[in-house]
Amino acid sequence: MHVLVINCGSSSIKAAVLDPVTGLRAATLRAQRVGQPGATVRVEGRTSSDTCVEDLDIDAVLDQCLPALLEAAGVPVQGVGHRVVHGGDRYTAPTWLDAAVVADIDALSPLAPLHNPANVAGIHAARRLLPDLPHIAVFDTAFHATLPRRSRTYALPTELATRHGLRRFGFHGTSHAWSSRQVARHMKADVRDLRIITCHLGNGASACAVEFGRSVETSMGMTPLEGLVMGTRAGDVDAGLLLRIMREENLDVDGLDDLLNRESGLAGLSGVGNDLRDIEARAAEGDDRCRLALHVFTHRLRRYIGGYAAVMGGVDAIAFTGGIGENSSLVRHRTLQRLGFLGARLNEDKNRDAAVDPTVPVVGIHQAHSRVGLFVVACDEQREIARQCAALVDERDQVETVRPIPIAVSARHLHLTRHAVETLFGKGHTLTPIKPLSQPGQFACAEKVTVVGPKRSIEGVRVLGPERPACQVEVSRTDEFFLGIDAPVRDSGDVRNSAACTLIGPAGQLPLAEGVICARRHIHMTPMDAAVFGVSDRDVVEVAVDSDGRDLVFGDVLVRVSPKYKLEMHLDTDEANAAQIDSSHTVGALVDVGRTARLVRRKTAFDQR
Ligand code: ADP
């Protein structure tokens, strides 16, 4: 499967057609400075092109360049994943996009004024161009939906917070989800068994405490301004300080916005811009502002890491990702100093040499005896978006192709030979059909007999027609205990060396040396059904029954395929009772009980017998 992933920012667009399983890109698109002079789009794939799009807005760029991207990819695309920054309280999982969801995302723009409007523009353009494909929104905030109340609540008056929806949301969720999963995979562990601190350090930066797979703390809050020092954002500052500079510098809201979002952070501290490479180079030359910028950046991060270890009661792994996290060994070195008390021991050589890319997405940088795994992870939000999008598309496809299998419950019954019918009911007697059974040609008869075992007997056991070449008595395990018989579990018709009993009818009795079986659970289906389920005759499968409080998965279910059959799973009364399927009205025959089962997996390619 290939997925088109689109990430529309306020002045940049990143898109790719990729395989979510391998991460391989069939084609990529990168547009920079959209809406500004010198705007260009580069598409790379089977063909490559650079286009100048100076006077075009996001819509126009997408209209022009998405077809070029798909053309360059040269593979069919099954779904479109859209990165959406803010999903608010409501969107806590990847979501199918329709007009109502798009309107909701637009309405959340006040929470992410730079991002959500651009995301919506991308969604509109892509839906217009590719109306027949499923479009799915993957939210940056969704991974943090698990933040407990104590970490998402600001200590503000409750009424005010409620009125304005003031709470912490957290961002970079796709990256934190991706890197925590990659680390767990690398450690050959289940993410649900690990406490991981993920540090996404790019132009924006955030840390996250991922406790057993769930985000329980993160450094960004209601907006991406809270937390770590970032390229141009201040991160945490004393709110009292803001009141003071507003007064003393006569700053209005826009002025404060500019100050905190665009003039602070590494850029504000260093005075040389927000690119850490430049800051590191100047610091190495002795520039004091740049040295301090690095110290403040790494000190703040270390403080968060220590805090998160305390929040989770320990830490098993710390991961660095994003442009800075992946590339700056200096930032990692400084950050991980003095974390020995947690058991984190950095291997300096591995740290210096660490290089990750999509083919080597995780590199360990800890010493062999470090109790905490330290890792560099290649950030791949596109792939995580593609994965989540593909999972949703797959789920829908499965839902559409999975046919429920009707269940029929068979109460104890028997099949008789011509000779047995005459012995039990008299010479020349023919069976009297009273009710057709669900399998074509089969019927319940008016005739009943008594089955006698060594211990007890059961009266009124229904005869099913038509007559067969061998007598067969089908009972449940409970019946066997009652009769004092140990009958084998067998397919219908396979009575050789099965258990013995005696049958008593109105005209006589008939000892059977063999013939009593406990029927093997099975599903009848047509060759067409078998093709839909991907199974063949005599396959052994597992089948799930949804039941009120007693869901059950039956193993060892035999598949029987014939054009004469109708799709139906047959259970006996014991099995039906175990799954709380009402079989009270099945006495004497095989009856459809109005319940269904779901084929969950094929156990073996072929039944060995
Ligand atoms: P964004 O958050 O915009 O996606 P990235 O994750 O690409 O940003 O990170 C960009 C930042 O990564 C750059 O501003 C730069 O500071 C930093 N960076 C990239 N390469 C290096 C490097 N080799 N050494 C130090 N910092 C680097």
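The values are calculated or read from the model by the stated rules, or taken from the named source; none is laboratory data. Given the structure is predicted, the values throughout are model-derived calculations rather than measurements. Ideal geometry is used to build each Cβ from the backbone, glycine not excepted, and the neighbour counts take in all protein chains shown.
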| task | Residue by residue through the range 436-486, note down the ones that are within 50 Å of the chain's Cα centre (by Cα), farther than 16 Å from Q509 by Cα and part of a strand (DSSP E or B). | result | P436, F443, A444, L464, G465, E474
| query | Of all residues in the range 348-367, which are free of Cβ contacts under 8 Å to residues at least 24 places away in the same chain and more than 16 Å from the ligand (Cβ to nearest atom)? | reply | E348, D349, K350, T359, V360, H366, Q367
| Taking the stated definitions as given, is S180 away from the ligand (no atom under 16 Å from the Cβ), of a type in the set (S, T, Y) and crowded, with 21+ Cβ neighbours inside 10 Å? | yes
| task | Return the only residue of A530, A513, A519, A544 being among the aliphatic types (A, V, I, L, M) and loosely packed, with under 15 Cβ neighbours inside 10 Å. | result | A513
| message | I need the full set of residues from the range 25-56 which are touching a residue at least 40 places away in the same chain (Cβ under 8 Å) and part of a loop (DSSP other than H, G, I, E, B), in order please. | response | none
| message | Just checking, does the range 318-332 include any residue being away from the ligand (no atom under 11 Å from the Cβ) and surrounded by fewer than 16 Cβ atoms within 10 Å (Cβ to Cβ)? | response | no
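Does A177 satisfy being in contact with a helix residue (DSSP H, G or I) (Cβ under 7 Å, 6 or more places away or on another chain) and either basic (K, R) or under 30 Å from V360 (Cα atoms) (or both)? Lay out the reasoning, then the answer.
Working: in contact with a helix residue (DSSP H, G or I) (Cβ under 7 Å, 6 or more places away or on another chain): yes; either basic (K, R) or under 30 Å from V360 (Cα atoms) (or both): yes.
Judged against the criteria, A177 is a match.
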| request: Name every residue in the range 187-215 that is within 19 Å of the chain's Cα centre (by Cα) and either in a strand (DSSP E or B) or on the phi < 0 side of the Ramachandran plot (or both), in order of residue number. | output: A189, D190, V191, R192, D193, L194, V210, E211, R214, S215
| request: Quick one: count up the residues across the range 247-270 that are part of a loop (DSSP other than H, G, I, E, B) and either within 15 Å of the ligand (Cβ to nearest atom) or on the phi < 0 side of the Ramachandran plot (or both). | output: 5
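Just the residues that are in contact (Cβ under 8 Å) with a residue 60 or more places away in the chain and of a type outside the set (A, V, I, L, M, F, W, C), please, taken from the range 1-18.
At the first step, the residues of the range 1-18 found to be in contact (Cβ under 8 Å) with a residue 60 or more places away in the chain are 1-10, 13-14, 16-18.
H2, N7, G9, S10, K14, listed by residue number.
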| query | Hey, among the residues in the range 261-273 that are surrounded by 15 or more Cβ atoms within 10 Å (Cβ to Cβ) and modelled with pLDDT of 95 or more, which one's farthest from V237 (Cα to Cα)? | reply | V272
| field | Single condition G313 does not satisfy, out of (1) more than 33 Å from the chain's Cα centre (by Cα); (2) on the phi > 0 side of the Ramachandran plot | value | (1)
| Scanning the range 225-246 for residues that are without any contact (Cβ under 8 Å) to a residue 60 or more places away in the chain and crowded, with 24+ Cβ neighbours inside 10 Å, which turns out farthest from the ligand (Cβ to nearest atom)? | R233
| query | Hey, does the range 510-520 have a residue that's touching a residue at least 40 places away in the same chain (Cβ under 8 Å) and either assigned to a loop (DSSP other than H, G, I, E, B) or among the polar types (S, T, N, Q) (or both)? | reply | no
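Anything in the range 256-274 that is free of Cβ contacts under 8 Å to residues at least 12 places away in the same chain and either aliphatic (A, V, I, L, M) or within 19 Å of P224 (Cβ to Cβ) (or both)? List them, or say none. Don't jump to the end; show me each part of the working.
Just the residues of the range 256-274 that are free of Cβ contacts under 8 Å to residues at least 12 places away in the same chain, to begin with: 257-258, 273.
Matches in the range 256-274: D257, D258.
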| Subset tally (residues that are buried (at least 16 other Cβ atoms within 10 Å of the Cβ) and of a type in the set (G, A, S)) for the range 398-448 | 6
| How many of the residues making up the range 368-389 are polar (S, T, N, Q) and either surrounded by 22 or more Cβ atoms within 10 Å (Cβ to Cβ) or in contact (Cβ under 8 Å) with a residue 60 or more places away in the chain (or both)? | 2
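So which residues in the range 134-177 are without any contact (Cβ under 8 Å) to a residue 40 or more places away in the chain and surrounded by 18 or more Cβ atoms within 10 Å (Cβ to Cβ), if there are any at all?
Residues of the range 134-177 without any contact (Cβ under 8 Å) to a residue 40 or more places away in the chain: 149-150, 152-153, 155-164.
Of everything in the range 134-177, just one residue is without any contact (Cβ under 8 Å) to a residue 40 or more places away in the chain and surrounded by 18 or more Cβ atoms within 10 Å (Cβ to Cβ), namely R152.
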